[in-house]
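What follows is a short report on a single structure.
The values are calculated or read from the model by the stated rules, or taken from the named source; none is laboratory data. All values reported here derive from a predicted model rather than from experimental measurement. Neighbour counts run over all protein chains shown; Cβ positions are idealised from the backbone, glycine included.
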Amino acid sequence: MTSLPILPMLLAVHVLSVMLWIGGLAFVTTVVLPALARLPAAQRIPAFLEIERRFGSQARVLVLVVGASGAGLLARLSLASLLGTAQGLWLDGMIAFWALFMLLLFVLEPAVLHRRLRERGARDGEATRVLLLRAHAVLLALALIVVTAAVLGVQGVG
Ligand code: HEM
C-alpha cells in the first residue's frame, strides 16, 4: 500500500487557505470598501462591520489553518534552521505576517478595534471608511510581498 502524500497535501492545504484568506482581503479592499462610498455616510461603518463580522470568522479559521499547515511544512521539510538567517527571510516574513493577523483578528479587533470604529464611524463615516481603505491596502500590499517572497524563496531565489 502506498503511503499518503502528507507533504504535498500539507502544501495544498497551506496554499488554498492562503488563497481564500488573501483573496477575501483583496475583495474587501478593492470592492467592498470602495462600494461603501455610495451609501449615506452614517451607514458606511455599520455596513462594513456587518460584512466584516461574516468574513472575520472565515478569516480566523483560515489563519489558524495556515499556521498549522505552515508549522507542519516547517517540521516535515526540516526548515527551522533557516529561521533568522538571510536565506530564510521569506520564512520569517510569512511568520511575521501571520502573527500580525493573529494579533489583529484574535486580540485587537474584539478588544478595541470594533468599538473604536463604531464610535469614529458615528462621528465621521467617510473619514473612517478612507482610513479603513488605507489600512486594508497596506495589509494587502504586505500580503502580496509575502506570497511573492515565499514562491521565490522556495525556488531558492534570494
Ligand atoms: C506560521 C506561519 C507560516 C509558516 C510556519 C509557514 C511555513 C511555510 C513552509 C515551511 C512552506 C513550504 C516551503 C517549501 O515548500 O519548501 C510554505 C509555503 C508557502 N507559504 Fe507559508 N508559512 C506560514 C504562513 C504563511 C503566510 C501568512 C503566507 C501568505 C500570506 C504564506 C504563503 C505561502 C506560500 C504561497 C507558499 C508556497 C510557496 C511555493 O511552494 O511556491 N505562508 N510556508
ARG54 vs. criteria more than 15 Å from the ligand (Cβ to nearest atom) and either exposed (fewer than 14 other Cβ atoms within 10 Å of the Cβ) or of a type outside the set (Lys, Arg) (or both):
yes
Residues that are over 22 Å from PRO8 (Cβ atoms) and over 17 Å from the mean Cα position of the chain (by Cα): does the stretch 50-67 have at least one?
yes
May I ask you to say which residue of THR85, THR128, THR148 is more than 28 Å from LEU10 (Cα to Cα) and of a type in the set (Ser, Thr, Tyr)?
THR128
Matching entry among LEU152, LEU104, LEU117, LEU133 (being in contact (Cβ under 8 Å) with a residue 40 or more places away in the chain, of a type in the set (A, V, I, L, M, F, W, C) and within 16 Å of the ligand (Cβ to nearest atom)):
LEU152
Restricting attention to the stretch 1-19, which residues are over 13 Å from GLY67 (Cα atoms) and within 11 Å of the ligand (Cβ to nearest atom)?
LEU7, PRO8, ALA12, MET19
Of the criteria (1) away from the ligand (no atom under 12 Å from the Cβ); (2) modelled with pLDDT of 95 or more; (3) more than 20 Å from GLY156 (Cα to Cα); (4) surrounded by fewer than 15 Cβ atoms within 10 Å (Cβ to Cβ), which one ARG44 fails
(4)
Where a residue in the stretch 67-96 is within 9 Å of the ligand (Cβ to nearest atom) and its partner, wherever it lies, is among the β-branched types (Val, Ile, Thr), with Cβ under 7 Å and at least six apart
SER69/VAL13; ARG76/ILE6; GLY93/VAL146; MET94/VAL146
Of everything in the stretch 1-29, what is surrounded by 15 or more Cβ atoms within 10 Å (Cβ to Cβ) and among the hydroxyl-bearing types (Ser, Thr, Tyr)? Give them in sequence order.
SER17, THR29
Could you please let me know if ALA99 is at pLDDT 95 or above, touching a Leu at 6+ places or on another chain (Cβ under 8 Å), within 16 Å of the ligand (Cβ to nearest atom) and over 22 Å from PRO34 (Cα atoms)?
no
Filtering the stretch 134-158 down to residues that are surrounded by 18 or more Cβ atoms within 10 Å (Cβ to Cβ) and over 12 Å from the mean Cα position of the chain (by Cα), which residue is farthest from VAL63 (Cα to Cα)?
GLY153
